[in-house]
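Here the structure is laid out as structure tokens; the discussion comes afterwards.
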Amino acid sequence: TSGGITITNGTVNLTSNLSKGISSKYGLITIAGGTTNITSADDAVRAKNYNVQVTGGTLNVNKCDGDGIRAGNTAIIAAGTVKIDNCYGDGIQAENIEITGGDLNIATYYEFAATNFYSSNWSGKTNSITESGSTKTETINYDTGSHKALKAGTKAKTCSYNQITDSS
């Protein structure tokens, strides 16, 4: 949608086999009451340039191949119940995350969690770390994804390390 979305009561069951469950490019998404159940082939709840807020009710993300909640600005959990399960991205990803109340239960999954991507060849791709003096260079050819319960901040930042140790 190009505007905001608000759910205040009732039961909403959403299954999206191709895209996001609830998505708003230009407005706030609010879950204020009722029960919302989502199964999604991408992000379950996404406000590209705005906030996502849960101020009451229940949000159940039963499965998502992207992030459970993804807000372009702030994800706010103020009341209600948020359960994100069987999530193959991040549970909640936003520039800022504010949790001031409610019940939160997040489970993210990654089928290759115990795999060493630096010693294995995946579809002709390998990752590597090289060291020259006090500089280490990491080359990522196989994206292992992100599977954090809560992730705040942007990916659009560059980090430079002058020296790191093997245990970093």
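The values are calculated or read from the model by the stated rules, or taken from the named source; none is laboratory data. Fair warning: this is a prediction, and the values are worked out from it, not measured in the lab. Glycine also receives a Cβ, built like all others from the backbone with ideal geometry; neighbour counts cover every protein chain displayed. Just so you know, the surface numbers come from the protein's heavy atoms only, side chains and all, with ligands and any DNA or RNA stripped out. Shrake-Rupley method; radii C 1.70, N 1.55, O 1.52, S 1.80 Å.
Some points to look at:
- Residues that are open to solvent by less than 10 Å² (accessible area, probe 1.4 Å) and within 11 Å of the chain's Cα centre (by Cα), drawn from the stretch 47-65: 64
- Every residue from the stretch 48-68 that is under 21 Å from residue 3 (Cα atoms), modelled with pLDDT of 95 or more and in contact with a Lys or Arg (Cβ under 8 Å, 6 or more places away or on another chain): 52, 59
- Residue that is farthest from residue 44 (Cα to Cα) [pool: residues in the stretch 17-34 that are small (Gly, Ala, Ser) and within 17 Å of the chain's Cα centre (by Cα)]: 24
- Those residues of the stretch 23-41 which are open to solvent by less than 50 Å² (accessible area, probe 1.4 Å) and either modelled with pLDDT under 95 or of a type in the set (Gly, Ala, Ser) (or both), in sequence order: 23, 24, 27, 32, 33, 34, 40, 41
- Every residue from the stretch 28-44 that is within 14 Å of residue 15 (Cβ to Cβ) and part of a strand (DSSP E or B): 36, 37, 38, 39, 40
- Spans of strands (runs of 3 or more DSSP E) in the stretch 75-166 with at least 1 residues at pLDDT below 85 and over 18 Å from residue 51 (Cα atoms): 128-132, 135-139
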